[in-house]
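Read-outs: derived from the displayed coordinates by stated rules, not from any lab. Remember, it's a predicted structure, so these values are computed and weren't measured experimentally. Cβ placement follows ideal geometry from the backbone for every residue including glycine, while neighbour counts extend to all protein chains displayed.
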Amino acid sequence: MKQGYYNNLKRNIYITRKCRINLSERLLKKNKCWNYINFIYSLCLIGLAILGLKKNIGTANYNLLMVFLSVSVTMISLYSNTQNYKERALSLKFHYIKLQSMYIELSHLNFNTHFQRIKKIENEYLEELKLSENHIPRDRYFSIKEDPQEIESLKRISWIKKIYYHIFFYEDYIWFILFILPILFFYQNYTPLT
């Protein structure tokens with residue numbers, strides 16, 4: 001068995017593990033973001049409902065805002081629940097722990113004397129890939145961007161994609177701001193106290 005084959009397998013397991021960790025963390029961030037958005041919308045809805053009862057507000061703008069918030073809370077909850085972010089992140093955690101175990105075992109094997117065991121680890125690795133959801137190119141980029149062995153791979157990624165990856169690294173904050181803007185718009189253009 002050639003050393004290159006052994007090193008490539010070891011490297012693939014290592015990079016896949018890092019990519020799955022990035023994907024898992026990204027899913028947990030998404031879950032947290034959607035929970036915050038839902039919390040803020042729910043809080044605004046409850047606050048406006050109490051204010052409406054207290055001040056006896058029944059204007060068209062106020063009712064429109066209440067309907068908007070009610071529908072938004074429902075849709076955000078449905079969307080967040082159907083995405084199963086936490087469950088998917090947990091599944092990926094089990095997957096990358098298994099990959100770490102393979103990597104450690106592979107590191108202790110000699111490629112000249114343990115050919116059969118290395119082939120078995122390769123088959124296990126391929127099976128693990130089938131059992132887990134795949135990462136996106138952005139996860140791979142952040143896994144290898146500081147790795148000196150991946151300089152050639154990084155050169156093949158266009159600067160536009162790199163900018164895109166960095167902008168969407170903050171995707172959850174962008175979603176958060178986009179969902180908060182309607183509340184700010186209604187708040188600025190309509191004061192329920194008048």
Ignoring trypsin sites (Lys or Arg not before Pro) buried by more than 15 other Cβ within 10 Å or outside DSSP loops, the longest site-free run in the chain is 3-144
Restricting to DSSP H runs of at least four residues, report the calculated mean residue ellipticity at 222 nm for the chain, -39500 (n - 2.57) per run over all residues, nearest 500 deg cm²/dmol. -28000 deg cm²/dmol
Output for segment 22-97: chymotrypsin sites (Phe, Trp or Tyr not before Pro) sitting in coil per DSSP, at most 16 other Cβ within 10 Å, listed by number, reads none
Could you please state, rounded to a whole Å, how far the C-alpha centre of segment 135-161 is from the C-alpha centre of segment 31-102? 33 Å
With the contact rule set at Cα under 8 Å and sequence spacing of 6 or more, what percent relative contact order holds for the chain? 40 percent
Taking a virtual spin label 7 Å from the Cα of ARG11 along the C-beta vector, which residues in segment 107-149 bring their backbone nitrogen under 14 Å of it? 144-145, 147-149
Checking the cross-link filter: which lysines have an alpha carbon closer than 17 Å to that of LYS155, excluding same-chain neighbours under 8 positions apart? LYS145
For the chain, which longest stretch is free of loop sites, where a loop site is one of the GluC sites (Glu not before Pro) that DSSP puts outside H, G, I, E and B and that has at most 16 other Cβ atoms within 10 Å? 1-132
Going 7 Å from the Cα of GLU105 in the Cα-to-Cβ direction, what parts of segment 117-137 have a backbone nitrogen less than 18 Å from that spot? 117-132
Mind listing the long-range amide H neighbours of HIS135? Cut-off is under 5 Å, sequence gap 5 or more, other chains count too, H placed in the peptide plane at 1.01 Å from N. none
Which of the helices in the chain, when you take each full DSSP H run, stretch at least 30 Å along the axis at their Cα atoms and have an average Kyte-Doolittle score of -1.0 or higher? 3-55, 60-83, 85-107
